[in-house]
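A quick write-up on the structure given underneath.
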DNA sequence: TATTGTTATACTCTATAACTATA
DNA sequence: TATAGTTATAGAGTATAACAATA
């Protein structure tokens, strides 16, 4: 419940902050779509590539992309046809297949990250101290929410 | 493109904050996709609806969704067929058509917003003072970036 | 000449249901 | 029985090129 003496409540200040965050999300989404287009990736393909920093079972990928398992089959089919990923059967559970990036896939993922993992220019207007504070707040917000999933 | 040659120096604290922000983007993207699915909207349709807080020319919509004009034609066709929007010719420029929400469209947009415009639960872990600070920093970051566009 | 919106085409995404092979 | 992945299908998204109307 209350972890401190201060009021922990989603008040008007939070609504304000969240509206601003949504604007930032919008900017980042545009960056993501433009980057994907420049690399000849459909948005869903680009999103999948970003998820694959480590090998992932098909169904985990479906969960992260908030889509049905059957979509992932076709999605991975096409990435595999382009030589960006391979399917690797699991040792533990013979129903499961892990999706693994090839060298080409890793390279393309890196180029995607160059576009989306760089902070927006506006970030430079914060002092180093403010940036540290910001990081602290974000860590607090994200704490034990279901997984730091980077989609964009 | 914003990946121009003038690289402003953003320190490791900014990179850290940005990584955390991207995790938050990912969570919000999932919320958005699930909300759209629950309201029987394809992600692109849900995104368009959110843009239409005020009437918008077709090409402006295409810009905000980072897609081609021709996509918007079909997208709006389907929303119009569902009675969610109407096309209204512009007075100033007879080539232009504005997209306007109907009452049903406005109502559905409100329901979308109920899902995505509410801060994540983790927000409650920030004190009111911290929430105000956060809003201030975000305003600074967004200042004179190209438009507060809320996609998700 | 350039721009707005449309059409036509080809490919990809997405949800649903039915199927298989494992568990 | 339940789950992971596939297939088949239908409807929607997306990029490209070509086009008519307007600027």
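Every number in this text was worked out from the coordinates using simple rules, so none of it is lab data. Keep in mind that this is a model prediction, so the values were computed, not measured. Using ideal geometry, Cβ is built from the backbone for each residue, glycine included, and neighbour counts are taken over all protein chains shown.
Distances, shortest first, from the label point of residue A:60 to those at the same position in the other copies read 4.5 nm; the point lies 7 Å along Cα to C-beta.
Based on DSSP H runs of at least 4 residues, each adding -39500 (n - 2.57), what is the mean residue ellipticity at 222 nm of chain B after dividing by all its residues, to the nearest 500 deg cm²/dmol?
-18000 deg cm²/dmol
Remark: spin-label model distance residue B:38-residue A:34 equals 3.3 nm, labels positioned 7 Å along the Cα→Cβ axis.
Placing a pseudo-label 7 Å from each Cα along the Cα-to-Cβ vector at residue A:88 and residue A:111 gives an inter-label distance of 2.4 nm. Legend: translational diffusion of the range A:50-152 by Stokes-Einstein, Rh = Kirkwood radius over C-alpha pairs, 4 °C, 1.567 mPa s; D = 81 µm²/s.
Quote the FRET efficiency, to the nearest 0.05, computed for residue B:80 versus residue B:54 with a Förster distance R0 of 22 Å and r equal to the Cβ-Cβ distance.
FRET efficiency, residue B:80 to residue B:54: 0.80.
Once the Cα atoms are used to define both axes, helix A:128-142 deviates from the longest principal axis of chain A by about 70 degrees. Residue by residue along B:28-37, Cβ atoms of other protein chains within 10 Å of the local Cβ number 4 on average.
With R₀ fixed at 22 Å, the C-beta to C-beta distance from residue B:103 to residue A:19 puts the FRET efficiency at about 0.35. Evaluated at q = 0.09, 0.10 Å⁻¹, the base-10 log of the normalised Debye intensity for the protein assembly as shown, with identical point scatterers placed on the Cα atoms, takes the values -0.50, -0.62. I'd like the orientation of helix B:12-38 relative to chain B: the angle between its Cα long axis and the longest Cα principal axis, in ° from 0 to 90, rounded to 10. The helix B:12-38 is inclined about 30 degrees to chain B. Just how far, in whole angstrom, is the range A:42-62 from the range B:20-58 if you go by their alpha carbon centroids? Going from one Cα centre to the other spans 20 Å.
Helix A:69-81 axis versus longest C-alpha principal axis of chain A: approximately 70°, rounded to the nearest ten.
Residue by residue along B:48-58, Cβ atoms of other protein chains within 10 Å of the local Cβ number 0 on average. Distances between every pair of Cα atoms in the range A:90-134, grouped in 5 Å steps from 0 to the bin holding the largest one, split as 5, 16, 12, 11, 11, 12, 11, 9, 6, 6, 1 percent. No solvent, one uniform scatterer per C-alpha: report log10 I(q)/I(0) for the range B:1-118 via the Debye equation at q = 0.17, 0.22, 0.23 1/Å, two decimals. Values, matching the q order: -0.89, -1.19, -1.26.
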